[in-house]
1. So how far, in whole Å, is the C-alpha centre of the range 221-246 from the one of the range 82-119?
2. Might you work out the accessible area of W123 for me, using a 1.4 Å probe with all protein chains in place, and round it to the nearest 10 Å²?
3. Leaving ligands, DNA and RNA out of it, report the carbon-plus-sulfur percent of the accessible area of the chain at a 1.4 Å probe.
4. For the range 123-176 and the range 249-294, what is the separation of their Cα centres, given in Å?
5. Given 37 °C and 0.692 mPa s, how large is the Stokes-Einstein diffusion coefficient of the range 266-355 in µm²/s, with Rh as the Kirkwood radius over Cα pairs?
6. Counting only heavy atoms of the protein chains, get the accessible area per residue of the chain (1.4 Å probe) and round it to a whole Å² value.
7. For a label point 7 angstrom out from the Cα of S209 toward its Cβ, which stretches of the range 95-115 have the backbone nitrogen within less than 15 Å?
8. Please work out how much accessible surface S310 shows to a 1.4 Å probe, ignoring ligands, DNA and RNA, in Å² rounded to 10.
Amino acid sequence: MASPAAPRPALIRPRASRSHSQLGAVSLASDNSASTASSRRRRDFVFVVNPSGANGRTGKQWTQLLPQLRTRLADQCNICECITSGPSDAIDVTREAIKDGADAVIAVGGDGTLHEVVNGFFWKGSPVRALDRGPDHLTALGLIPLGTGSDFARTFGWSNDPRQAIDRIVRGVKSKLDIGMMEGPSGDPHFFVNVADIHLSAKAGYFASMYKRFGNLCYVIGALRGFWGHNNRDMRIKVNGGEWQTVDKVTALCVGNAKYFGGGMKITPTADPFSGDLEVVILQNFKWYDFLLKLLRLYGGTHLTVNGVSSMRVQSIEVAEVVANGDIFVQSDGEHFGFLPTKFSVLPGAVDFFC
């Protein structure tokens, strides 16, 4: 990631493990030419692991978790693991796994890993499909939350206990999960599953990502750096393709498919990732001391009645500056996306999700 001074800034046979960089393309095919029809009917579950997540704890926990997975799932499916080695690895490996016919891709890590895996379900705005499994074959999305914030998991009340995550995968109960889509000035689509946000919170998230080694304290450091030199800005919004309207002195604008961001702040408290719409929460004319005074309400999700806070449900919202300077930050799922203008929309029930 670029420095703050320049902000513009595997698969393998079952029970094997290699890094994505060693693998090249993902393949779910066995090297055993004597594979039986029965073994071919076994489902292929691909676990995409970010070993550096949570300051390296994810990799250590995964090593301990893998024997449990094999015990619980070995009679149901082939367990294929991919250890990522850098940015966008999870996107690439997910796309290859889906094209190769994977029955499920499970993100093992935090919100950043999940964000990349979700983006791997799409290519140029369209869902990725298996090449030779027929039009009805769908790859499911799963999550074993082992990251620093794991904010998406909080919407469901899930802890970072991997045993509970394994239970969900073994049960196999799935629901149609909404996915958020965003398009910047280039028009290229990008996807989010949790919360996308604009201005102060996005700038704070950008800086927070530089201090992940401090755990959840990174969000406090990011907020302090984000406040430095911050000014509330007038913005224009267009809701559901309607007329442009001006919103004065915006501190932050958050678009929630789910409820939490920033290490547990319930910023879009009525968002529901199965509802077919997005919740937009706008903070206007907040000063630094407003965050201190209202911090408990922001974290508890009781801030919608606070002066200067508004909320709406939308299928799409476009956001632009009134005076275009190209310096208002945008992020999605805690990852830096770029700068305004940006359009956000929802893809209802786009992905099957283990829940």
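The values are calculated or read from the model by the stated rules, or taken from the named source; none is laboratory data. Treat the numbers as computed from the prediction; the structure is a model and nothing was measured. All Cβ positions, glycine included, derive from the backbone under ideal geometry; neighbour counts span all protein chains shown. Just the protein is used for accessible areas: all its heavy atoms, side chains included, with ligands, DNA and RNA removed. Shrake-Rupley method; radii C 1.70, N 1.55, O 1.52, S 1.80 Å.
1. Cα centroid of the range 221-246 versus Cα centroid of the range 82-119: 31 Å apart.
2. Surface accessible to solvent at W123 totals approximately 140 Å².
3. Numbers: 7890 of 15600 Å².
Exposed carbon and sulfur together represent 51 percent of the surface.
4. Each part reduced to its Cα centre gives a spacing of 24 Å.
5. Here the translational diffusion coefficient equals 217 µm²/s.
6. Numbers: 15600 Å² over 355 residues.
With all protein chains present, the chain gives 44 Å² per residue.
7. Residues 110-115 fall inside that zone.
8. 40 Å²
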